[in-house]
Amino acid sequence: MKRLLILCITIGFALIGCDNDSTISIVRNQMKDKPENTPVTNRLDNSNAVEFELYNGKALRIGVIGNPPEVREGQVEFEEITFDGLIKWKKNPYDAIFVMPENLTEASESQYSNLYLRSTVPYFFISARSLIPFTSSENIEYSDTWHWEPGFTYTNGVYNQTNEEKLNRLGFGLYNDEKTDAHINAMYSLVFKKIEELDL
């Protein structure tokens, strides 16, 4: 009886040992398929592993009040403009207007609100979490309380289609609510795509 018990235990250990060896062998074979220098990344937590789509559409001409952003798309042309220039135009020559963060306070001055509300070309306010300071009939000045913070859209846009009274609003957030160069560039690519879709 003792011999039978010892024999069963020995066979059990042998089987377990074989099973472990085959598991190790499978893992080793899988590792051989991967290059040694391949970094291991968690696609959910590491935005470097996420590939953000570029805008590949038609050439766009965008007027910028402030410093033009650096973007990945070569077919997007930026031209620096002023608020005075906006008021003097009979027809807007651009596909869109960007108002950059350093000019948001001036952009919220009441004399410009009708300009945004009546424009058939979209205006985008970069890093402003709301359109209220720019479109409100009350004199609400832009301040740090209106600046972007996680949980809000990073860029807000507004335009008015021809022959329609309805005001159209657009909002674009940052990936994972994280303000990085890659996420800002990805957001711009989405804005460009939307501008092309509007075809105003």
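The values are calculated or read from the model by the stated rules, or taken from the named source; none is laboratory data. Quick caveat, the model's predicted, so the values are computed rather than measured. Ideal geometry is used to build each Cβ from the backbone, glycine not excepted, and the neighbour counts take in all protein chains shown. Ligands, DNA and RNA are stripped out before the accessible areas are found, and what is left, the full protein with its side chains, is counted by its heavy atoms. Shrake-Rupley method; radii C 1.70, N 1.55, O 1.52, S 1.80 Å.
May I ask you to give the percent of accessible area on the range 47-200 that is carbon plus sulfur, with a probe radius of 1.4 Å? About 44 percent, which is the carbon plus sulfur part of the accessible surface. With Cα atoms as the point set, the radius of gyration and Dmax of the range 42-138 evaluate to 15.8, 52 Å. Shape class of the range 109-192 from the Cα gyration tensor (axes a ≥ b ≥ c, square roots of the eigenvalues): oblate, since a/c reaches 1.5 or more and a/b does not exceed b/c. At Leu117 and Glu149, where each label point lies 7 Å from the Cα along Cα→Cβ, what is the point-to-point distance in nanometres? For the pair Leu117/Glu149, the computed spacing is 2.8 nm.
A straight line joining the Cα centroids of the range 128-160 and the range 67-107 runs 17 Å. Straightening the chain between Glu53 and Glu77 buys 6.8 nm, computed as 0.36 nm per residue apart minus the Cα-Cα spacing. What does the C-alpha gyration tensor say about the overall shape of the range 109-156? Classify as rounded when a/c is under 1.5, otherwise prolate if a/b is larger than b/c, or oblate. Verdict is oblate for the range 109-156.
Between amide H atoms placed 1.01 Å from N, distances below 5 Å from Val64 occur with Glu79, Glu80, Ile81, Phe98, all of them 5 or more places distant or on a separate chain.
In this structure, the pairs whose alpha-carbon distance is over 24 Å, taken from Lys88/Lys179; Lys58/Lys166; Lys58/Lys88; Lys91/Lys194; Lys88/Lys193, are Lys88/Lys179; Lys58/Lys166; Lys58/Lys88; Lys88/Lys193.
Under the combined filter of DSSP loop state and at most 11 neighbouring Cβ atoms within 10 Å, the range 121-200 retains these trypsin sites (Lys or Arg not before Pro): Lys166.
The slack between Thr105 and Ile140, meaning 0.36 nm per residue of separation minus the straight C-alpha distance, is 11.6 nm. With the simple spin-label model, which puts each label point 7 Å out from Cα in the Cβ direction, the Glu197 to Arg61 separation comes to 2.5 nm.
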